[in-house]
Each structure stands twice: as structure tokens, then as C-alpha cells.
Amino acid sequence: MGSAVEIGYKLLNSDYFCPLSMDQLAELKALLKSPQKIAIVTHFKPDADALGSSLGLAGFLKKNGHEVNVITPSDFPDFLLWMPGSHEVVAHTKKSTQPLAKATRLFQTADLIFCLDFSSLSRINDLSEIVRQAPAKKIMVDHHLQPESFADFQKWNVSAASTAQLIFELIEELDGKSSMDAGIASCLYAGLMTDTGSFRHNNTTARELAIAAELVLMGANPSEIARLIYDVNSLSKLRLVGYALSQKLVVIPEYNTAYITLSQDELKKLDAQTGDTEGLVNYGLSIKGIQLAVLMYDRGEEIKISFRSLGDFSVNELARKHFEGGGHKNASGGSSKLSLEETLKKFLDLLPEYKKKLLNHS
Ligand code: 5GP
Ligand code: MN
């Protein structure tokens, strides 16, 4: 078996793949030879890949003498607080204006801005115009479909299961592997583990496993990281899952579809916290024969929607076309400004249009 870099990606098509050019890499290497002010930003409600990539890259850059700040456009779940550097994240939440002022200053004074795990500026909500207008060189590293071209440099690959592995590659391209430590490796491993659904989704290839193996050799502990992320449920989260599965999961056999809706009232009653709904959508998809699973819940300011599918059915297309969203072919998200009931009706009214595709794979 070759090293992780020698095991190539299956897709090397420019619709799916845009590496850093040799010139860009040389420019980046030259820049990073002297201490730089660096801001790293990731998407709204960051998951383990978003935050793990950001903190892994931040750890690496800090070790190499740079001044680095990780900025998020929202809070993030408590189960990511074990990641080294998570307590220093500048999180812009609606509750306080101070982080926004700080984030604005950090973006405006940065030499370099890394944009990780998103490729459309709308994904960083209130921060999008600040980042767009910042004078710094911007480097986007991502694996979502249909990127916007807002960055100076792009390292973008749809066939990569996670942004974390693209950061691993970037560090390798910068000849920096020797300065990786167990903390950096653990952050990246967490992103790789969660974005492959613990190495179960169809984005898991030899390459993901090879990079995971390298991260483990660098000190990432698979069972410990799995426990820190998956086995730290609060009782209220489990009650939320129990309630959703027993009372709210609806199966529509004629469309091979399952969905769950949760109102603000229900979330409040169940004391749901940020991150508690993560993974809930996958239960629908675990039902035999189901091709499309949906979770819709009321965040107050909007309805957040998660889509998951099997095989050729593209939830990216569905989310992009009808719910102001996007993501990957089999895992996408979106939102709606309609009420929860109206959003559900809109979704149900769309199903006949997709019937043929939904029944194709049963
Ligand atoms: P989730 O359903 O877990 O929130 O997200 C599934 C995938 O879709 C993730 O890769 C996420 O980054 C992407 N995604 C989630 N919400 C949105 C959205 O509103 N817009 C876009 N473009 N992508 C989203
Ligand atoms: Mn990701």
C-alpha cells in the first residue's frame, strides 16, 4: 500500500476538483516563512469537520509562529469543547455584539483568511460581507458541491469525504507533517470520522482510511475521540431522540421517504441545546427501503432542514432548487422562511415530481 498521498482520488474532473496550483503553493509557502496574522473562519453552526479542520489548521499554524484566530458565525455544540483551542474561538452569537466587533477587527487586519468547510459566503451569515471586503488573501478549502468563486486560492475537492483530510493534505503540501502533534491529529481525525459517519458512508474510500491511519499514528485515539463525540449525550438529548422517533417520525412508503418535524415549542419543552438534533435525520434513512430522509425544525428565525439520501437521488439538487441550501449529493441542508407547517407542505407537494427517482432504487 502507498502512503495516503499516493492513493489518488477517483474523480479528477474539474467540476469536482480544484487543487492549489504549484505557483499558489509556492506563494503560500513563501508567505508562511514569516509570521502572519491569520484568521480562520468556518460555517454557521459548525460541526466536527468544520471546527476540527479549523482548530487543526490553527494548531499547525500557531506551532509555526503565526498569530491565528478561529472565528465562527455562531455557537457550536459542547461536545466539541475537548478540541484543543476550542475555548479561544471567537464565536459570534446573537446574544453579544462584542465577538462581532472582535471578528470584524480580526478579519480587517488579517494577512490571510482561511475559509474552511464552506464554499458559499452565505454559509457564514452575518460575517459574509466582512470577509468578502477584507483586504487579506483568501484561501478556501472545502468539499461541498458548486463553490462560489470568492477566494483568491481554492483547494476544493468534492470527492474528499471531509475538509479535515484536505487540511491534512495542505499541511503535507506545505512540508509541515513533522510539526503535527496528537492534538492537531485528533481535531482532523474527528472531522474525518464524523463526515464519513464513522467510516460508514459511501464517501469512505481507501484514501479516507489511509489518512485516518496516518492521523492515528500521529496520536489521534479513535475510541477516545468516538467516545468524546458520540457518548456524551445529555438525558434531554436522548429524550429528544426518543420523542422524535416515537411521536414524530413519519414514513411515506409510496415515496420511500421518511421525515421528522420539530416545532419551537417541542424543542423548548425538551430543553434542546445546539447540536442535539445532529444525527437525528439519519434514523429515517436507516429504515429498510427508505431513500430520502428529512428533518425540519424551527430555529426561531428560520426553519432549518436536513436532507439525507441513498444512491443516485441528489438531495443537493433538492436543497439548492427549493430550500436555499446545498451540500453533498447524499447529505445536504437548507432553510425556509415559511412556517414549519408551510415548509412541510412545500416539501410534500414536491414529492410527486421526484417520485420516479425515489422509487428507482427500492
Ligand atoms: P446538516 O444537514 O448536517 O446540517 O448538513 C448536511 C450538509 O449540508 C453539510 O455538508 C452542510 O455543510 C451542508 N449544509 C447544511 N445546511 C446548509 C445550507 O443551508 N446551505 C448549504 N449550501 N449547505 C448546507
Ligand atoms: Mn465537511
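The values are calculated or read from the model by the stated rules, or taken from the named source; none is laboratory data. The structure presented is a predicted model; accordingly, all values stated were derived computationally and were not measured. Cβ placement follows ideal geometry from the backbone for every residue including glycine, while neighbour counts extend to all protein chains displayed. Please note that ligands, DNA and RNA were not included when accessible areas were found on the heavy atoms of the full protein model with its side chains. Shrake-Rupley method; radii C 1.70, N 1.55, O 1.52, S 1.80 Å.
Brief remarks follow.
- Sequence-distant residues sharing a close amide H with I40 (under 5 Å, placed H): N69, V70, I71, F114
- The stretch 271-339 versus the stretch 40-95: alpha-carbon centroid distance in Å: 24
- Neighbourhood charge, 10 Å Cβ-Cβ cut-off, centred on L188 and excluding it, Lys, Arg +1 and Asp, Glu -1: -2
- Taken over the chain, the ratio of Cα radius of gyration to 2.2 N^0.38 Å equals 0.97.
- Relative contact order (%) - criterion: Cα under 8 Å, at least six apart; region: the chain: 14
- Three-way shape call for the stretch 212-362 based on the alpha-carbon gyration tensor, with the a/c threshold at 1.5: oblate
- Working from label points 7 Å from Cα in the Cα-to-Cβ sense, the N282 to S223 distance is 2.0 nm.
- Legend: residues T261, T97, sorted from most to least accessible area (1.4 Å probe; ligands, DNA and RNA excluded), read T97, T261.
- Tensor-based shape of the stretch 73-172 (alpha-carbon gyration tensor, a/c under 1.5 rounded, otherwise prolate or oblate): oblate
- With θ taken as phi - 60° and the Karplus curve 6.51 cos²θ - 1.76 cosθ + 1.60 applied, the whole-hertz 3J(HN,Hα) list for the stretch 78-93 is 4, 6, 9, 6, 6, 5, x, x, 5, 6, 9, 4, 8, 9, 7, 10 Hz, x standing for glycine and proline.
- Accessible area per residue, Å², the chain with all protein chains present, probe 1.4 Å: 45
- Nearby lysines by direct alpha-carbon distance to K102 (threshold 18 angstrom, same-chain neighbours under 8 apart not counted): K37, K94
- Per-atom-type breakdown for the stretch 251-326 gives carbon and sulfur 46% of the accessible area (1.4 Å probe, protein chains only).
- Taking amide H positions as modeled 1.01 Å from N, with prolines and chain starts lacking one, the residues under 5 Å from T261 and 5 or more places away or on another chain are M296.
- Where labels lie 7 Å past Cα in the beta-carbon direction, separation of I252 and S149 in nm: 3.9
- For the peptides 46-58, 30-42, 84-96, the ranking by packing is 46-58, 30-42, 84-96, with the highest mean count of neighbouring Cβ atoms within 10 Å listed first.
- Unsatisfied cross-links (Cα-Cα over 26 Å) in the set K62/K304; K95/K138; K95/K321; K29/K138; K45/K329: K62/K304; K95/K138; K95/K321
- The chain: most fluctuating residue of L348, L295, L166 per GNM, C-alpha cutoff 10 Å: L348
- Label-to-label distance, E27 versus D349, with points set 7 angstrom from Cα along the beta-carbon direction: 4.7 nm.
- From phi via Karplus (6.51, -1.76, 1.60), per-residue ³J(HN,Hα) for the stretch 69-74 in Hz, x at Gly/Pro: 10, 9, 10, 10, x, 7
- Expressed as a whole percent, the accessible surface of the stretch 4-230 that belongs to carbon and sulfur atoms is 52, based on a 1.4 Å probe.
- Report note on the peptides 63-76, 226-239: ranked by the mean count of other C-beta atoms within 10 Å, highest first, their order is 63-76, 226-239.
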